[in-house]
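Step one of this worksheet: look at the structure below.
Read-outs: derived from the displayed coordinates by stated rules, not from any lab. Just so it is clear, the structure is predicted and the values come from calculations on it, not from any experiment. Positions of Cβ are backbone-derived with ideal geometry, glycine not excepted, and every protein chain shown enters the neighbour counts.
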Amino acid sequence: MEFLLNIVVTFPPDGDPAEKERRIKAEGVRARELAAAGTIKRVWRVPGQWANWSIWEAPDATALHEAVTSLPMWPYLDVEVIPLAAHPNDPGAGK
């Protein structure tokens, strides 16, 4: 099942810079692991914001939740999840 996620990072402006840097590095490692596993399919950043839109794939919402909460930045993420379903008029479905 595919999900569209809007993720906004909410790390506090007065947060510990060393902790922020540690989490950013760990986030990159974990994101690459999730991408290699086929969980994160695509990611687009939002210019001017610490945010992204992404397509994730998971068997169900529980598996998606487990993947998202495995991100090191999880405590500082505001995540909107939109489940996606096939559309009969999708021009890209046959590709």
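Quick notes on this one:
- Residue within the stretch 30-43 that is free of Cβ contacts under 8 Å to residues at least 60 places away in the same chain, in contact with a Pro (Cβ under 9 Å, 6 or more places away or on another chain) and not in a strand (DSSP E or B) present: yes
- When Pro72 is tested against (1) surrounded by 14 or more Cβ atoms within 10 Å (Cβ to Cβ); (2) outside any helix (DSSP H, G or I); (3) of a type outside the set (D, E, K, R); (4) touching a Phe, Trp or Tyr at 6+ places or on another chain (Cβ under 8 Å), just one condition goes unmet, and that condition is (4).
- Boolean, Pro59 is exposed (fewer than 11 other Cβ atoms within 10 Å of the Cβ) and free of Cβ contacts under 8 Å to residues at least 12 places away in the same chain: no
- Evaluation of Glu19 against (1) outside any loop (DSSP other than H, G, I, E, B); (2) in contact with a helix residue (DSSP H, G or I) (Cβ under 8 Å, 6 or more places away or on another chain) (one fails), failing number: (2)
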